[in-house]
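Each remark here refers to the structure printed beneath this line.
A short reminder: the numbers here are calculations on the coordinates, not readings from a lab. As the structure is a prediction and not an experimental result, all values here were calculated from the model. Don't worry about glycine lacking a Cβ; one is built from the backbone with ideal geometry, like all the others, and counts go over all protein chains shown.
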Amino acid sequence: MALKASELNVGDSYEEEVCRDLSRTQIVQYAGTSGDYNPLHTDDKYTVEIAKYPSVFAHGMLSMGMTGKMLTNYVGDGRLRSFGVRFTAQVFPGATLTAKATVAAIREEDGETIADIEVSTVDAEGTVVVKGQATAKLDA
Amino acid sequence: MAVKKFPIEAGHIMMFARSVGDANEIYYDSDYAETTEPGAVIAPPTFVQSSAQFDPDYFLRPKIGQEWFGSGKEATGITKKPESSGGGGGGGGGLHAEQHYVYHKQLQAGDVLTATTKPGKTWEKEGRRGGKLMFSESVTEYRNEAGELVVTATGVGVRTERPATST
């Protein structure tokens, strides 16, 4: 179900827990589907001994993908016109992430009604891991 | 990254949706998808990232018969750092700092795309712990078989440069 401009206000928000206790296995799953097999995400021996990180960590694109799930659940299938983020903190196994969308503006563009949406995803400690913007087409 | 043929396959969409924890039936069930507004199995918003699977030179995938920099018996299979071919995960190489998508047309199962990547802007910033952060952008255009632009993807990679005084 798409959002209706007539029922939407600037400042409205929606949030969703997009992962709980992120598993190494889910990170492996994402490596397998995305094709990004960088050992930093799946290979603890390499990541600790060679790259000197405390452990493997999630692909930024996995955090963005999980954030995108919240967005499409909110704005409806096939409604996104743009989606962009900055990766602001690394996400390690065990993370619980909550993604939030807040309506920043509702406007007309090329005959369509568009919502500008602020996006942020935070971990259980409140650290922002993904921050960005999206636009979505609204119904009248 | 240049990809000559990126087939948008329903099975790949299903597995991708699973990997980001997205249970939306539109990614799994074509009968259900027909009843939705798009009317077909569509690709999740970040799906085009998986075009890396169809890039023959993608540097973050082990190549058959070649050494791999991840661990085997030892912590790394090689000592030399791999050359970046750009695109995909790291944007312009290094860690992935930003990713932006503009959706021009709905991407759905059955589409076949091509992808061409061009370097974008580059800029520098002082890191919080000293040393320069070097950002580089890469812009990938995904087009369908009719040559229409479907998705524009802009990735930003960041590399760090240790201060000259550090040892």
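Going by Cα centres, the range B:121-152 and the range A:61-102 are how many Å apart?
After rounding, the separation between the Cα centres reads 19 Å.
Quick one: compute the contact order of chain A, relative version, from alpha carbon pairs under 8 angstrom and 6+ residues apart, as a percent. Numbers along the way, then the final one.
Values: 288 pairs, mean separation 43.6, N = 140.
Relative contact order here is 31 percent.
Under 13 Å from a label point 7 Å along Cα→Cβ of B:Met14: give me every residue in the range A:10-30 with its amide N that close.
none
Within 10 Å of each Cβ of B:45-56, how many other protein chain Cβ atoms are there on average? Could the numbers behind the result be given before it?
On the way: counts 11, 12, 4, 0, 10, 8, 2, 5, 5, 1, 1, 0.
The mean count of partner-chain Cβ atoms within 10 Å per residue comes to 5.
With a Cα-only, solvent-free Debye model of the protein assembly as shown, what are the log10 I(q)/I(0) values at q = 0.08, 0.13, 0.15 Å⁻¹?
With no solvent term, the Cα-only Debye profile gives -0.35, -0.95, -1.27.
Under a point spin-label approximation (7 Å from Cα along Cα-to-Cβ), what is the B:Ala2-A:Ser55 distance to one decimal in nm?
Between B:Ala2 and A:Ser55, the simple spin-label model gives 4.2 nm.
Can you pull out the GluC sites (Glu not before Pro) in the range B:105-167 whose DSSP state is coil and whose Cβ has at most 12 other Cβ atoms within 10 Å?
Passing sites in the range B:105-167 are B:Glu145, B:Glu148.
Do the sum for the protein assembly as shown: with -39,500 (n - 2.57) for every DSSP H run of n ≥ 4, divided by all residues, what is the mean residue ellipticity at 222 nm, to the nearest 500 deg cm²/dmol? List each step's numbers first, then the result.
Working: 5 runs with 48 residues, N = 307.
Rounded to the nearest 500, the figure is -4500 deg cm²/dmol.
Looking only at other chains, what is the average number of their beta-carbon atoms within 10 angstrom of each beta-carbon in B:13-20?
6
Scan the range A:40-131 for GluC sites (Glu not before Pro) in coil per DSSP, keeping those whose Cβ has at most 15 other Cβ atoms within 10 Å, and list them by number.
When the GluC sites (Glu not before Pro) of the range A:40-131 are filtered for loop state and at most 15 Cβ neighbours within 10 Å, A:Glu125 remain.
Calculated FRET efficiency, B:Leu149 and A:Thr96, Cβ-Cβ r, R0 30 Å, to nearest 0.05?
Details: r = 37 Å, r/R0 = 1.25.
Efficiency at R0 = 30 Å is approximately 0.20.
Take chain B, connect every pair of alpha-carbon atoms lying under 10 Å apart with a spring to form a Gaussian network, then pick out the residue of B:Gly65, B:Gly147, B:Gly11 with the largest mean-square fluctuation.
B:Gly65
Any chance you could tell me what percent of the C-alpha pair distances in chain B go past 25 Å? Please list the in-between numbers first.
On the way: 6016 of 13861 pairs.
Tail fraction, whole percent: 43.
On C-alpha positions alone, give me the angle between the axis of helix B:10-19 and the longest principal axis of chain B, in degrees, nearest 10.
For helix B:10-19, the angle is close to 50 degrees.
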